[in-house]
Structures are given as C-alpha cells and as structure tokens.
Amino acid sequence: MYSFEPNEEQKMLIETVGKYAINDLRPAARDAEEEKSLPPKLIAKGWELGVLQASIPEAYGGFGERSAVTGVLAGEELAYGNLAGAIAIGAPSLFAMPILLCGTEEQKQEYLPKIIEGNWMPYTAALVEFAYDFDPLALKTTAVLQGSDYVINGEKAYVIYAKEAEATVVYAALDGVTQGFIVRKGTAGLIIGEEREKLLGLNALPMYRVKFENVKVPVSNRIGGDSGLVFERVLASMRVANAAAAVGVAKAAFEYSLDYAKEREAFGVKIAQKQAIAFMLAEMRTEIEAIQLLNWQAAWKLDMGKEDGFIDAYLASTGAADMAMMVTDRAVQILGGHGYIREHPVEMWMREGRGFAMFTGFTMV
C-alpha cells in the first residue's frame, strides 16, 4: 500500500512555501495583474525557497532528488498564492527538468549547475502552437538534420520570458516525433515578437510569439543526444504540474467563497445556510479533492516508473481543467455582484481557471 502522507521533508517544504504564498504572493497578486509585471524581489524570494534546487542532485548543483510528488505539493501551494507568480518562479524548471529527465550527462553537467547554483534567471521552453488543433504529439514546428546541425522552422505561442531567456528548450517534430532542442539566446533565425501576448488572465507574465526561421542548432543540443528524449515522460511531468496549479487556484477560490458565504447575510441568515449555496460549496470541495488525489496518484506513479502514470497524468490534467473552471465560476456566483468587481480576487481566479485547458507546458515538476 502506498500513502500520500507527506514525509517530514515534504511537510517542511509545504509549510515554507505555503507561508510565502500567503504572505508574499497573495498580497502582490492584484497589483501584479494590473501593472502587468511581477516584482523581481518577489520572484527572487520564491526562487530562494529551493523548490527546483531540491529536485536536482548534488552532482549538478542541487541538494536533492527529483520527486514529482514533492513538485506537485509545492506547485499547489504556490498557485494557491498566485498563479502568475508560481509560473514565474518555476520558469527555469521548463528548461532544467527535460534535461534532468532525458538529457545526456554532458548536457546535465553543462546546463544544470548554471541554473541551480545562482540567482533566478529566465530560462524557458516553447511547446504550444497557435492552432485550433494543437497536439503536443503532432507538432507543426519541425526539425530536420542537415549535416552537423538540426534546422528548426515553425512558430510558437505563449512563450514565457522569451525575450529575456538565456536559453529555450524548443519542441519540434523530428521525423514526426516530438523532440527537444536547446536554442541559445541570440541564435540566428530566432525571431521574438515585439508585443506581449494579450490574454484573459496571467497578465503579470511576459509571454511572446516566437518564430524559427531556419534556426540552426548543433546536434549536441538535441536533448538526449542521438537517442533523443521520451517526450511522453516530459509531457506527463507538465500535466501533473498543470493539474497541481489548477488545484491551488481552485482551493483559493473555494476557501474565499466559503468564508464569504459564512459572513454574508441575506434575509436574516448567512448565505452558507442556503441550500443552493451549501450544495455548490459541497460539490466544489468534492471536485477539488477528487482531482487532487488523482494527481497525487499520477505523480506517485511517475516517481515509481509505472507506465500507466502517463495515463493518470493525462486524466488529472484534463479533469483539472474542467474542475478549475467550475469551481472558480461558482466562487464568482456565490459572491453575487461582488464576484464581478475587482475588489475581490475571485474574478481573477475565474479568468485564470478558464485557461488551464491550454496551460500545459507552462509549468513542470
């Protein structure tokens, strides 16, 4: 029998990250959304918590071993504070984790210590394509081997910190199979859009369209070398991270609306005592806990190397997208007219909740 009772190290991490999420991320969330920028000191403080560092072995500059379960627990707490802040702090993971999971020893030695041992630096990954039928396993961005280089052509959307990133993991189809390639800042043919993406939510995060016009990268920059990477493993890690973030946002919206319902009176009684409200709150909590448990199970299976962990990760991610939308929408409903004004954060959480169907590739554990 396996247990989802966190061990002592995980409990300490959850407590530390939770305090930062409530005391630092949550108070800064609204201003960051309105001003379209996260304070660098806020990101730096979150980086110093060592969530990614704890997943990297000492040989590569970290101080732990990779655990999807630990990453999921930390991701929930960070997103509970603020989703944009959680994604920003974890952006280097988008670059580091594929290398840790599937990279060659030379790639691990070259890149991981640079990321882990210093201050927060913008590293990122480019997966999502602006297409109605986007499928991470059937990318339109292509890579072709020409001599000693791979030549990449295509376009990506919603690339976080694209302008500032020191390097980017670009996912492209190589002979029809999704593979990852390390593209350094300033590489010829790498064209980053001038304007930021304009989205319903996550306005504090700088995201850009990125074009690749005959971008040449040496064969040594293919993650995993000649063998390449097992993208399903990387994608599963992205999916459990996405589900964890959805749980965090949904929990924030649920707890806020629950507290409001306990205080707000209508016709002489607290609205939490109204059957319609009570039933909504009960269903919200049920759905949150169901997805949370499924995602913990998926993360545990990934840690154990169980192949059906890929399936559970997919189910958790797709289920989390529906759950987050339902919970955040109902949080707005419970607040009534107050739910629609910016004095309360539920409208921001609803806008974020709507996006989880497309957020795969924004986070990774």
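The values are calculated or read from the model by the stated rules, or taken from the named source; none is laboratory data. The model shown is predicted, which means the values in this text are computed figures rather than measured ones. For neighbour counting, all protein chains shown are included, and Cβ atoms are generated from backbone atoms with ideal geometry for every residue, glycine included.
Numerical summary
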| item | result |
| --- | --- |
| Unique match (being in a loop (DSSP other than H, G, I, E, B) and of a type in the set (Gly, Ala, Ser)) among Ala357, Ala299, Ala321 | Ala357 |
| Meets criteria (surrounded by fewer than 13 Cβ atoms within 10 Å (Cβ to Cβ), on the phi < 0 side of the Ramachandran plot and either at pLDDT 95 or above or touching a strand residue (DSSP E or B) at 6+ places or on another chain (Cβ under 9 Å) (or both)) for Phe279 | yes |
| Which numbered condition Tyr256 misses (of (1) without any contact (Cβ under 8 Å) to a residue 40 or more places away in the chain; (2) surrounded by fewer than 20 Cβ atoms within 10 Å (Cβ to Cβ)) | (1) |
| Condition met for Ala21 (surrounded by 13 or more Cβ atoms within 10 Å (Cβ to Cβ), over 27 Å from Tyr256 (Cα atoms), in contact with a Phe, Trp or Tyr (Cβ under 7 Å, 6 or more places away or on another chain) and not polar (S, T, N, Q)) | no |
| Sole residue being under 29 Å from Glu129 (Cα atoms), touching a strand residue (DSSP E or B) at 6+ places or on another chain (Cβ under 7 Å) and charged (D, E, K, R), chosen from Arg222, Arg233, Arg239 | Arg222 |
| Counted residues, the range 183-219 - those being surrounded by fewer than 16 Cβ atoms within 10 Å (Cβ to Cβ), touching a strand residue (DSSP E or B) at 6+ places or on another chain (Cβ under 9 Å) and in a loop (DSSP other than H, G, I, E, B) | 7 |
| Whichever residue in the range 127-148 is of a type in the set (Gly, Ala, Ser) and surrounded by fewer than 14 Cβ atoms within 10 Å (Cβ to Cβ) and, among such residues, is farthest from Met364 (Cα to Cα) | Gly147 |
| Test: residue in the range 64-84 that is surrounded by fewer than 20 Cβ atoms within 10 Å (Cβ to Cβ) and among the β-branched types (Val, Ile, Thr) | no |
| Residue tally, condition in a loop (DSSP other than H, G, I, E, B) and within 23 Å of the chain's Cα centre (by Cα), over the range 6-23 | 1 |
| So Lys301, is it surrounded by fewer than 15 Cβ atoms within 10 Å (Cβ to Cβ), more than 30 Å from Lys198 (Cβ to Cβ) and not aliphatic (A, V, I, L, M) | no |
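For every residue, the table says whether it meets (1) in contact with a Cys (Cβ under 7 Å, 6 or more places away or on another chain); (2) outside the structural domain of Ile87 (by TED's automatic domain parsing); (3) closer than 22 Å to Ile341 by Cα.
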position	(1), (2), (3)
Met207	no, yes, no
Ile223	yes, yes, no
Ala245	no, yes, no
Tyr256	no, yes, yes
Val269	no, yes, no
Gln292	no, yes, no
Asp308	no, yes, no
